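Encoded as structure tokens, here's the structure I'll be asking about.
The values are calculated or read from the model by the stated rules, or taken from the named source; none is laboratory data. The structure displayed is predicted, hence computed values, not measured ones. Backbone-built Cβ (ideal geometry, glycine too); neighbour counts: all protein chains shown. Ligands, DNA and RNA are stripped out before the accessible areas are found, and what is left, the full protein with its side chains, is counted by its heavy atoms. Shrake-Rupley method; radii C 1.70, N 1.55, O 1.52, S 1.80 Å.
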Amino acid sequence: THTAVPGDLKGNSLTVQVGRPFYDESAVQPFTYLGGKITEWALSNSNDSNLMCTLGMDFADEVTATALASATYPTGIETFSWVGGSVTIGGTAFDVTDASVSGSNNLNTDRRYLRNNTRKKEPIGDDYRGGEFSLTADFDSLTQRARVASATAAGAMAATVLRWEGKTLAGTTTYPSLTVTIQGRFDEFSANVGG
């Protein structure tokens, strides 16, 4: 079990390499990106696809002289399909057709200075981190609308849990899974129909 909670990003970075083939397919040109930070992220799933993760990244430098590394993939990799997805709001199962959750690290990525150097300094937090979630469901009750219309902060809040479970048994009783728990405020509700 791995539990991730927001923490300090200062001093943390990643390196990413992309192999781009030349037009005539004669060779693959490696592009290596150094000093990377994840600026924003999103998880999204609809009722006809796998769970997708999208990352926004910022890098300190791009070089083309580093040799292309060999790609390796973990054995037994598991994808999360909409079939294994579920949502609960306030502890009650809630049927959705689309679910997404996103976050922004609100990093200042343009830290360039007059210092006889063109490189920018490490991106740092410039504001509080932000996050949003969105759910699409049938309009079959006023429960979620009541949260949005609540006159109290407590009435507008509910624990929302998005969970995906893989189909391959890992061990004797456990399936791979991903759980996102949000203690969030419900700000918007729409039940409009075109036409």
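Would you check if GLU62 is modelled with pLDDT under 95 and of a type in the set (Asp, Glu)?
Numbers: modelled with pLDDT under 95: yes; of a type in the set (Asp, Glu): yes.
For GLU62, the condition - modelled with pLDDT under 95 and of a type in the set (Asp, Glu) - is met.
How many residues does segment 108-148 contain that are in contact with a Gly (Cβ under 9 Å, 6 or more places away or on another chain) and of a type in the set (Phe, Trp, Tyr)?
Matching residues across segment 108-148 total 1.
Residues checked against (1) in contact with a Ser or Thr (Cβ under 7 Å, 6 or more places away or on another chain); (2) under 18 Å from GLY166 (Cβ atoms):
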position: ARG20; (1), (2): no, no
position: TYR33; (1), (2): yes, no
position: ASN45; (1), (2): no, yes
position: ASP58; (1), (2): yes, no
position: VAL63; (1), (2): yes, no
position: ALA67; (1), (2): no, no
position: GLU78; (1), (2): yes, yes
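Could you tell me whether any residue of segment 149-161 is of a type outside the set (Gly, Ala, Ser), over 18 Å from the mean Cα position of the chain (by Cα) and farther than 18 Å from ASP48 by Cα?
yes
Another one. Any idea which residue in segment 103-114 is farthest from LYS10 (Cα to Cα), counting only those that are open to solvent by 40 Å² or more (accessible area, probe 1.4 Å) and of a type outside the set (D, E, K, R)?
Filtering first and then ranking leaves LEU114.
In segment 123-172, what residues are under 20 Å from PHE80 (Cα atoms), open to solvent by 60 Å² or more (accessible area, probe 1.4 Å) and in contact (Cβ under 8 Å) with a residue 40 or more places away in the chain?
Listed by number, the residues that qualify are THR136, ARG163, GLU165, LYS167, THR168.
A follow-up question, please. What strands (runs of 3 or more DSSP E), lying completely within segment 1-95, carry at least 2 residues that are touching a Lys or Arg at 6+ places or on another chain (Cβ under 9 Å) and surrounded by 12 or more Cβ atoms within 10 Å (Cβ to Cβ)?
Numbers: elements: 14-21, 28-46, 52-58, 61-63, 85-89.
The strands (runs of 3 or more DSSP E) meeting that bar are 28-46, 52-58, 85-89.
Here's another thing I want to ask about it. Could you list, ordered by first residue, the pairs with Cβ atoms under 8 Å in which the first is in segment 7-26 and more than 30 Å from ASN108 (Cα to Cα) and the second is in a loop (DSSP other than H, G, I, E, B) and open to solvent by less than 60 Å² (accessible area, probe 1.4 Å), at least 6 apart or interchain?
Matching pairs, first to second residue: PRO21/ALA27.
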